[in-house]
1. Which residues, taken from region 73-99, are in contact (Cβ under 8 Å) with a residue 40 or more places away in the chain, over 17 Å from L31 (Cβ atoms) and touching a helix residue (DSSP H, G or I) at 6+ places or on another chain (Cβ under 9 Å)?
2. Does R254 satisfy the criteria of being over 17 Å from V159 (Cα atoms), in a loop (DSSP other than H, G, I, E, B), charged (D, E, K, R) and out of contact with any Leu (no Cβ under 8 Å at 6 or more places or on another chain)?
3. Among the numbered criteria (1) at pLDDT below 90; (2) surrounded by fewer than 18 Cβ atoms within 10 Å (Cβ to Cβ); (3) farther than 28 Å from R169 by Cβ; (4) not assigned by TED's automatic domain parsing to the domain that holds T209, which one does T73 miss?
4. Considering region 52-69 alone, what residues qualify as being more than 13 Å from L109 (Cβ to Cβ), in contact with a helix residue (DSSP H, G or I) (Cβ under 8 Å, 6 or more places away or on another chain) and not polar (S, T, N, Q)?
5. So if I check each of R169, R192, which one is in contact (Cβ under 8 Å) with a residue 12 or more places away in the chain, closer than 24 Å to Y310 by Cβ and outside the structural domain of P34 (by TED's automatic domain parsing)?
6. Hey, can you tell me all the residues within region 106-141 that are within 20 Å of K184 (Cα to Cα), surrounded by 15 or more Cβ atoms within 10 Å (Cβ to Cβ) and either modelled with pLDDT under 90 or of a type in the set (A, V, I, L, M, F, W, C) (or both)?
7. Report the residue count in region 57-70 for those that are of a type in the set (D, E, K, R) and either under 22 Å from R47 (Cβ atoms) or surrounded by fewer than 18 Cβ atoms within 10 Å (Cβ to Cβ) (or both).
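The values are calculated or read from the model by the stated rules, or taken from the named source; none is laboratory data. These numbers come from a predicted model, not from an experiment. Virtual Cβ from ideal backbone geometry, glycine too; neighbours counted across all protein chains shown.
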Amino acid sequence: MEKKRQANLLAIAKILQDIRTRILNGECPQLPLPSRPLKLQGGAPIRDIKRFTCIVKLLKIIEVNICGNVISTKRDIFYRDISLFGSQQYVDSLIQQVQLMLNCERLSLNIVASPKGLVCGDMTIYQEDEISIDIKGITLIPVAPEILFIRFNRPVDFVLVVEKEAVFRNMCIAFPNAIVITGKGVPDYITRKLICIISRCHPDIPIYTLVDADPYGLQIVFTYQTGGIKADQERKSLALSSIKFLGASIIDYRDESLPATVNDRRKAMSLLKMGVTKGLQREVQLQLFICRKAELNVLNNTDSVQLHNYVKRKLTTKY
């Protein structure tokens with residue numbers, strides 16, 4: 001990762017120097033975006049001028065961060081110049097453009113999303129800078145960019161990745177010999193990275209997902225398996241094909257299910273077009289055929305013991 005950061009630093013310096021040189025020579029400055037160069041020619045549209053200015057501002061922030069070994073969240077960057085950037089969504093799109101321009105992961109730009117994922121367990125995270133982070137109980141997943149190894153401080157039977165926080169907290173109590181993780185819905189980069197590193201450090205420990213029996217839950221599993229559908233470099237580094245779908249299956253929750261909406265069916269069809277794995281494909285097809293969906297929160301709130309037993313039964317069939 002450090003080599004990639006230095007490569008990014010050199011590439012950014014080269015881009016900024018090229019812009020300075022062109023301006024001093026009275027030439028049209030440009031940015032080498034992958035789709036097409038972004039040029040500030042005479043009479044350029046206001047949107048292009050703003051985009052150019054924002055990307056240069058972002059490159060300067062990244063340059064300073066890498067030189068100072070500072071990590072910024074996407075939110076931090078937005079608040080650096082609210083009047084210039086305009087919205088958080090616009091900042092997110094600019095970061096993706098810079099990733100594509102430099103062909104790199106977001107973390108190698110010293111940029112992360114605001115951490116939101118939770119982990120429960122007893123472990124120690126070791127980083128390249130000889131700093132270690134101890135995790136005990138339920139903890140916000142830390143931003144640790146240079147993880148070398150994760151040591152479990154007690155025996156771990158499996159890793160359980162849960163979609164929702166309420167279910168996560170009950171699973172922490174039900175399975176003390178497991179590492180339980182939640183991305184609180186669609187997982188962020190830090191949550192997915194942690195799970196990938198756990199898999200790399202402990203390849204013999206199985207990792208399971210527990211999500212709602214609806215297309216949105218299955219899309220979360222698909223995100224973990226493939227790394228997401230954004231920048232190619234980032235997707236490749238976060239893909240974890242070995243992660244297993246544990247549940248919930250709509251077949252198991254027909255009595256607690258609700259009618260699927262039109263949007264649910266559209267999401268299910270889009271998942272099939274994405275090319276999900278055979279296991280997920282079967283679940284998507286079942287949901288479409290039955291035209292029903294079910295949320296784990298319903299059972300979690302009414303009978304948490306039944307949910308614990310369901311997970312234990314599913315784990316027995318997986319081992």
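1. Residue satisfying the conditions is K74 alone.
2. yes
3. Only one criterion in (1) at pLDDT below 90; (2) surrounded by fewer than 18 Cβ atoms within 10 Å (Cβ to Cβ); (3) farther than 28 Å from R169 by Cβ; (4) not assigned by TED's automatic domain parsing to the domain that holds T209 is unmet by T73, namely (3).
4. C54, V56, K57
5. R169
6. Listed by number, the residues that qualify are V112, A113, P115, K116, L118, V119, C120, I135, I138, I141.
7. So the answer is 2.
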